[in-house]
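The next block holds one structure in the form of structure tokens; read it before the comments.
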Amino acid sequence: MTDRRLWSYKDIAAHIRVQPDTVRSYRKHGILPPPDLVEGGKPYWHAETIRVWVANRPGYRGRRS
């Protein structure tokens, strides 16, 4: 079953252990995948989208959050 919960910058930041501003910077520089939903001008990603991105991003060494 796919995890369809929506994550904000804050949720992503907590998952990868960085500040929310770092995640915003990742999006600005095209490092973060495109949002799955934009509501009220705020981007959201499915948890599964972020987990796949984390597993495939450079520097990831199988760490678990």
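The values are calculated or read from the model by the stated rules, or taken from the named source; none is laboratory data. These numbers were taken from a predicted model, which means no experiment stands behind them. All Cβ positions, glycine included, derive from the backbone under ideal geometry; neighbour counts span all protein chains shown. Heavy atoms of the whole protein, side chains included, go into the accessibility calculation; ligands, DNA and RNA do not. Shrake-Rupley method; radii C 1.70, N 1.55, O 1.52, S 1.80 Å.
Is it fair to say Ala55 is modelled with pLDDT under 95, of a type outside the set (D, E, K, R) and in a helix (DSSP H, G or I)?
Details: modelled with pLDDT under 95: yes; of a type outside the set (D, E, K, R): yes; in a helix (DSSP H, G or I): yes.
Answer is yes for this residue.
Quick one: what pairs do we get from segment 1-14, first residue modelled with pLDDT of 75 or more, second open to solvent by less than 80 Å² (accessible area, probe 1.4 Å) and in a loop (DSSP other than H, G, I, E, B), C-beta under 8 Å, 6+ apart or different chains?
Leu6/Asp36; Ile12/Leu32
Out of Val18, Val23, Val54, report the one residue that is open to solvent by 40 Å² or more (accessible area, probe 1.4 Å) and among the aliphatic types (A, V, I, L, M). Write out each step before concluding.
Working: Val23 fails: open to solvent by 40 Å² or more (accessible area, probe 1.4 Å); Val54 fails: open to solvent by 40 Å² or more (accessible area, probe 1.4 Å).
Val18 is the lone residue from the list that is open to solvent by 40 Å² or more (accessible area, probe 1.4 Å) and among the aliphatic types (A, V, I, L, M).
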